[in-house]
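The values are calculated or read from the model by the stated rules, or taken from the named source; none is laboratory data. Everything numeric in this text was worked out from a predicted model, so none of it was measured. As a convention, Cβ positions derive from the backbone with ideal geometry for all residues, glycine included, and neighbour counts pool all protein chains shown. Accessible surface areas use protein heavy atoms only, side chains included; no ligands, DNA or RNA. Shrake-Rupley method; radii C 1.70, N 1.55, O 1.52, S 1.80 Å.
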Amino acid sequence: MIKNGILIGPSGEISKYDWPDIERNCYRLMNPTLVSYMQKAYHWLLDRLGQCDMDGKVILEEFVNNYCFCHANFEEMPSKALYIISDKYPEIVAIYKGLIDKLGLEQKVLYIAAASDMLPLKDGCVDMYIDFDSANEYALYHKGYSTEALARYFHSESRAIGSFFSFKPNSSAEKELHRQFPESWKHSYDISYFKRYLRSAWANIIDEESIGNFTDSNTDEKASLYHIPGEVGMDVYFAEGFRKKEQKTL
(Lines give C-alpha, C1' and ligand atoms only; values in the text may rest on other atoms or scores of the structure.)
Protein backbone atom coordinates (compact mmCIF):
# COMPACT_ATOMS: atom_id res chain seq x y z
CA MET A 1 0.00 0.00 0.00
CA ILE A 2 1.20 3.52 -0.79
CA LYS A 3 -0.01 6.33 1.46
CA ASN A 4 1.05 9.95 0.95
CA GLY A 5 4.05 8.87 -1.08
CA ILE A 6 5.24 6.28 1.46
CA LEU A 7 5.30 2.55 0.73
CA ILE A 8 3.69 0.88 3.74
CA GLY A 9 4.64 -2.64 4.74
CA PRO A 10 4.28 -4.82 7.86
CA SER A 11 5.70 -3.24 11.02
CA GLY A 12 6.55 -6.55 12.65
CA GLU A 13 6.56 -7.03 16.40
CA ILE A 14 7.23 -3.78 18.26
CA SER A 15 8.64 -3.71 21.78
CA LYS A 16 6.57 -2.08 24.51
CA TYR A 17 9.68 -0.02 25.29
CA ASP A 18 9.87 1.40 21.75
CA TRP A 19 8.00 4.46 20.47
CA PRO A 20 8.07 6.91 17.55
CA ASP A 21 10.15 9.93 18.59
CA ILE A 22 7.83 12.49 16.98
CA GLU A 23 9.37 15.37 18.94
CA ARG A 24 12.87 14.32 17.78
CA ASN A 25 14.27 14.41 21.31
CA CYS A 26 17.35 12.51 20.13
CA TYR A 27 18.36 15.80 18.50
CA ARG A 28 16.61 18.36 20.69
CA LEU A 29 18.14 17.18 23.96
CA MET A 30 21.72 16.82 22.72
CA ASN A 31 24.44 18.54 24.71
CA PRO A 32 27.24 20.47 22.90
CA THR A 33 29.72 17.58 23.02
CA LEU A 34 27.33 15.20 21.30
CA VAL A 35 26.54 17.85 18.68
CA SER A 36 30.25 18.19 17.94
CA TYR A 37 30.56 14.40 17.61
CA MET A 38 27.69 14.40 15.13
CA GLN A 39 29.24 17.16 13.02
CA LYS A 40 32.61 15.39 12.91
CA ALA A 41 30.86 12.17 11.91
CA TYR A 42 28.93 13.93 9.14
CA HIS A 43 32.12 15.29 7.59
CA TRP A 44 33.99 11.99 7.92
CA LEU A 45 31.21 9.90 6.38
CA LEU A 46 30.55 12.36 3.56
CA ASP A 47 34.23 12.27 2.67
CA ARG A 48 34.23 8.46 2.44
CA LEU A 49 30.96 8.43 0.52
CA GLY A 50 32.51 10.88 -1.91
CA GLN A 51 35.26 8.35 -2.65
CA CYS A 52 32.68 5.98 -4.17
CA ASP A 53 31.04 6.08 -7.59
CA MET A 54 27.38 5.96 -6.61
CA ASP A 55 25.81 6.79 -9.99
CA GLY A 56 22.85 4.46 -10.44
CA LYS A 57 23.53 2.75 -7.11
CA VAL A 58 21.08 2.05 -4.29
CA ILE A 59 21.76 3.69 -0.91
CA LEU A 60 19.75 2.54 2.12
CA GLU A 61 19.34 4.33 5.42
CA GLU A 62 17.21 2.41 7.94
CA PHE A 63 16.10 3.00 11.55
CA VAL A 64 15.67 6.76 11.17
CA ASN A 65 13.61 6.96 14.36
CA ASN A 66 17.01 7.56 15.91
CA TYR A 67 18.89 9.84 13.50
CA CYS A 68 18.62 10.54 9.76
CA PHE A 69 21.98 11.19 8.13
CA CYS A 70 20.46 11.74 4.68
CA HIS A 71 18.16 14.55 5.78
CA ALA A 72 21.03 16.44 7.38
CA ASN A 73 23.41 15.98 4.45
CA PHE A 74 21.48 15.48 1.21
CA GLU A 75 22.83 18.67 -0.38
CA GLU A 76 26.33 17.18 -0.29
CA MET A 77 25.43 13.61 -1.25
CA PRO A 78 25.58 11.95 -4.70
CA SER A 79 22.73 13.20 -6.88
CA LYS A 80 22.48 10.23 -9.26
CA ALA A 81 21.95 7.47 -6.71
CA LEU A 82 18.60 6.02 -5.66
CA TYR A 83 17.99 6.52 -1.95
CA ILE A 84 15.78 4.42 0.32
CA ILE A 85 14.83 5.89 3.70
CA SER A 86 12.97 3.56 6.00
CA ASP A 87 11.69 2.99 9.51
CA LYS A 88 8.98 0.81 11.02
CA TYR A 89 7.03 3.90 12.10
CA PRO A 90 5.08 5.58 9.24
CA GLU A 91 4.85 8.83 11.21
CA ILE A 92 8.65 9.08 11.46
CA VAL A 93 9.13 8.40 7.75
CA ALA A 94 6.45 11.02 7.03
CA ILE A 95 8.30 13.63 9.09
CA TYR A 96 11.50 13.16 7.13
CA LYS A 97 9.71 12.96 3.80
CA GLY A 98 8.11 16.32 4.51
CA LEU A 99 11.42 17.89 5.53
CA ILE A 100 13.31 16.46 2.55
CA ASP A 101 10.61 17.43 0.06
CA LYS A 102 10.97 21.04 1.21
CA LEU A 103 14.66 20.98 0.25
CA GLY A 104 13.71 20.68 -3.41
CA LEU A 105 16.75 18.55 -4.26
CA GLU A 106 17.19 16.33 -7.31
CA GLN A 107 17.88 13.07 -5.48
CA LYS A 108 15.36 10.29 -6.04
CA VAL A 109 14.09 8.87 -2.75
CA LEU A 110 11.91 5.86 -2.01
CA TYR A 111 10.26 6.09 1.41
CA ILE A 112 9.28 2.86 3.18
CA ALA A 113 7.54 2.27 6.49
CA ALA A 114 8.08 -1.38 7.43
CA ALA A 115 10.06 -3.66 9.72
CA SER A 116 13.72 -3.89 8.75
CA ASP A 117 13.53 -7.58 7.81
CA MET A 118 10.27 -7.09 5.89
CA LEU A 119 11.19 -4.30 3.49
CA PRO A 120 9.58 -4.83 0.07
CA LEU A 121 12.95 -4.89 -1.67
CA LYS A 122 14.74 -7.35 -3.92
CA ASP A 123 17.40 -9.46 -2.20
CA GLY A 124 20.91 -8.14 -2.77
CA CYS A 125 19.78 -4.76 -4.11
CA VAL A 126 21.58 -2.44 -1.67
CA ASP A 127 24.97 -1.09 -2.74
CA MET A 128 25.62 1.27 0.18
CA TYR A 129 24.25 1.07 3.72
CA ILE A 130 24.24 4.16 5.95
CA ASP A 131 24.42 3.10 9.58
CA PHE A 132 24.19 6.31 11.60
CA ASP A 133 24.05 4.66 15.02
CA SER A 134 21.42 2.29 13.62
CA ALA A 135 23.36 -0.65 15.03
CA ASN A 136 22.68 0.59 18.55
CA GLU A 137 19.06 1.54 17.81
CA TYR A 138 18.41 -2.04 16.68
CA ALA A 139 20.28 -3.50 19.67
CA LEU A 140 17.99 -1.69 22.11
CA TYR A 141 15.28 -4.22 21.26
CA HIS A 142 17.13 -7.20 19.72
CA LYS A 143 20.10 -9.43 20.44
CA GLY A 144 22.24 -8.25 17.54
CA TYR A 145 23.05 -5.29 15.28
CA SER A 146 21.04 -3.80 12.41
CA THR A 147 23.04 -5.42 9.60
CA GLU A 148 21.76 -8.81 10.75
CA ALA A 149 18.16 -7.73 10.13
CA LEU A 150 19.08 -6.25 6.75
CA ALA A 151 21.46 -9.00 5.60
CA ARG A 152 19.37 -10.27 2.71
CA TYR A 153 19.39 -6.86 1.01
CA PHE A 154 23.20 -6.75 0.78
CA HIS A 155 25.49 -8.42 -1.77
CA SER A 156 29.14 -9.40 -1.79
CA GLU A 157 30.27 -5.96 -3.01
CA SER A 158 27.99 -3.87 -0.80
CA ARG A 159 29.60 -1.12 1.24
CA ALA A 160 28.71 0.62 4.47
CA ILE A 161 29.53 3.89 6.16
CA GLY A 162 28.58 4.25 9.78
CA SER A 163 28.89 5.81 13.19
CA PHE A 164 28.64 4.15 16.58
CA PHE A 165 28.10 5.80 19.96
CA SER A 166 29.73 3.92 22.82
CA PHE A 167 29.64 4.02 26.60
CA LYS A 168 32.45 3.60 29.08
CA PRO A 169 32.18 0.02 30.43
CA ASN A 170 30.22 -0.28 33.70
CA SER A 171 29.44 3.43 33.60
CA SER A 172 26.36 5.25 34.85
CA ALA A 173 25.36 5.79 31.20
CA GLU A 174 25.42 2.04 30.55
CA LYS A 175 23.35 1.33 33.65
CA GLU A 176 20.83 4.06 32.76
CA LEU A 177 20.51 2.64 29.24
CA HIS A 178 19.56 -0.79 30.57
CA ARG A 179 17.18 0.77 33.08
CA GLN A 180 15.31 2.66 30.34
CA PHE A 181 15.51 -0.22 27.86
CA PRO A 182 15.40 -3.52 29.79
CA GLU A 183 15.47 -5.54 26.56
CA SER A 184 18.66 -3.92 25.29
CA TRP A 185 21.43 -6.29 24.21
CA LYS A 186 24.48 -6.50 26.45
CA HIS A 187 26.68 -5.42 23.51
CA SER A 188 24.72 -2.29 22.62
CA TYR A 189 27.04 0.74 22.87
CA ASP A 190 30.01 -1.64 23.30
CA ILE A 191 32.68 -0.42 20.87
CA SER A 192 35.16 -3.24 21.57
CA TYR A 193 32.60 -5.86 20.64
CA PHE A 194 31.28 -3.85 17.70
CA LYS A 195 34.74 -3.60 16.14
CA ARG A 196 35.08 -7.38 16.29
CA TYR A 197 31.59 -7.72 14.83
CA LEU A 198 32.45 -5.45 11.90
CA ARG A 199 35.28 -7.78 10.95
CA SER A 200 32.96 -10.76 10.97
CA ALA A 201 30.29 -9.00 8.89
CA TRP A 202 32.50 -7.20 6.33
CA ALA A 203 35.47 -8.53 4.34
CA ASN A 204 37.38 -5.25 4.41
CA ILE A 205 37.34 -2.39 6.91
CA ILE A 206 38.62 0.33 4.59
CA ASP A 207 38.87 2.99 7.28
CA GLU A 208 37.82 3.63 10.86
CA GLU A 209 38.47 6.30 13.43
CA SER A 210 37.59 7.33 16.95
CA ILE A 211 36.26 10.88 16.64
CA GLY A 212 34.86 11.30 20.14
CA ASN A 213 36.49 10.04 23.32
CA PHE A 214 34.94 9.50 26.73
CA THR A 215 37.17 12.23 28.19
CA ASP A 216 36.08 14.87 25.62
CA SER A 217 32.82 15.66 27.38
CA ASN A 218 32.46 18.57 29.77
CA THR A 219 31.07 17.04 32.94
CA ASP A 220 29.14 20.28 33.59
CA GLU A 221 27.00 19.56 30.53
CA LYS A 222 23.48 18.26 30.92
CA ALA A 223 22.92 14.56 30.33
CA SER A 224 21.04 13.74 27.11
CA LEU A 225 18.65 10.84 27.70
CA TYR A 226 21.14 8.12 28.74
CA HIS A 227 24.14 9.95 27.16
CA ILE A 228 25.91 11.09 30.32
CA PRO A 229 28.78 13.64 29.91
CA GLY A 230 32.22 12.12 30.32
CA GLU A 231 30.94 8.60 29.56
CA VAL A 232 30.16 8.71 25.84
CA GLY A 233 32.44 8.11 22.84
CA MET A 234 31.87 7.93 19.08
CA ASP A 235 33.54 5.94 16.31
CA VAL A 236 33.08 5.92 12.54
CA TYR A 237 33.77 3.25 9.92
CA PHE A 238 33.86 2.56 6.18
CA ALA A 239 33.56 -1.09 5.14
CA GLU A 240 33.00 -3.19 2.02
CA GLY A 241 32.32 -6.79 1.01
CA PHE A 242 29.38 -8.05 3.04
CA ARG A 243 29.94 -11.61 4.28
CA LYS A 244 26.41 -12.86 3.62
CA LYS A 245 27.02 -16.54 4.35
CA GLU A 246 29.81 -16.15 6.88
CA GLN A 247 28.22 -13.46 9.01
CA LYS A 248 27.62 -14.51 12.58
CA THR A 249 27.20 -13.05 16.03
CA LEU A 250 30.42 -13.35 18.00
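Data overview
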| item | result |
| --- | --- |
| Close pairs (9 angstrom Cβ cut-off, 6 or more residues apart or separate chains): over 18 Å from residue 120 (Cα atoms) and assigned to a helix (DSSP H, G or I) in segment 138-160, open to solvent by 10 Å² or more (accessible area, probe 1.4 Å) and of a type in the set (A, V, I, L, M) anywhere | 138/149 |
| Candidate set: segment 192-208, residues that are part of a helix (DSSP H, G or I) and not hydroxyl-bearing (Ser, Thr, Tyr); chosen: the one surrounded by the most Cβ atoms within 10 Å (Cβ to Cβ) | 201 |
| The listed residue being modelled with pLDDT of 95 or more and assigned to a loop (DSSP other than H, G, I, E, B), out of 110, 121 | 121 |
| Residue that is open to solvent by 10 Å² or more (accessible area, probe 1.4 Å), closer than 23 Å to residue 212 by Cβ, without any contact (Cβ under 8 Å) to a residue 40 or more places away in the chain and under 15 Å from the mean Cα position of the chain (by Cα), where the choices are 71, 43 | 71 |
| Of residues in segment 161-186 being of a type in the set (D, E, K, R) and over 17 Å from residue 142 (Cα atoms), the one surrounded by the fewest Cβ atoms within 10 Å (Cβ to Cβ) | 175 |
| Of the criteria (1) modelled with pLDDT under 85; (2) touching a His at 6+ places or on another chain (Cβ under 8 Å); (3) within 17 Å of residue 132 (Cα to Cα); (4) not β-branched (Val, Ile, Thr), which one residue 194 fails | (1) |
| Candidate set: segment 126-146, residues that are within 17 Å of residue 70 (Cβ to Cβ) and open to solvent by 10 Å² or more (accessible area, probe 1.4 Å); chosen: the one modelled with the lowest pLDDT | 137 |
| Residues of segment 161-181 classified as outside any strand (DSSP E or B) and modelled with pLDDT of 95 or more, total | 0 |
| Contacts under 7 angstrom Cβ, first residue in segment 13-28 being of a type outside the set (S, T, N, Q), partner in a helix (DSSP H, G or I) and exposed (fewer than 14 other Cβ atoms within 10 Å of the Cβ), 6 or more apart | 20/91; 22/91 |
| Of the criteria (1) at positive phi; (2) surrounded by fewer than 17 Cβ atoms within 10 Å (Cβ to Cβ), which one residue 189 fails | (2) |
| Residues being modelled with pLDDT of 60 or more and surrounded by fewer than 22 Cβ atoms within 10 Å (Cβ to Cβ) - total across segment 209-230 | 6 |
| Of all residues in segment 1-18 being more than 16 Å from residue 109 (Cβ to Cβ), small (Gly, Ala, Ser) and touching a Lys or Arg at 6+ places or on another chain (Cβ under 8 Å), the one that is least open to solvent (accessible area, probe 1.4 Å) | 12 |
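Here's the yes/no breakdown for (1) under 15 Å from the mean Cα position of the chain (by Cα); (2) open to solvent by less than 30 Å² (accessible area, probe 1.4 Å); (3) not acidic (Asp, Glu):
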| position | (1), (2), (3) |
| --- | --- |
| 84 | yes, yes, yes |
| 88 | yes, no, yes |
| 91 | no, no, no |
| 94 | no, no, yes |
| 99 | no, no, yes |
| 105 | no, no, yes |
| 108 | no, no, yes |
| 112 | no, yes, yes |
| 120 | no, no, yes |
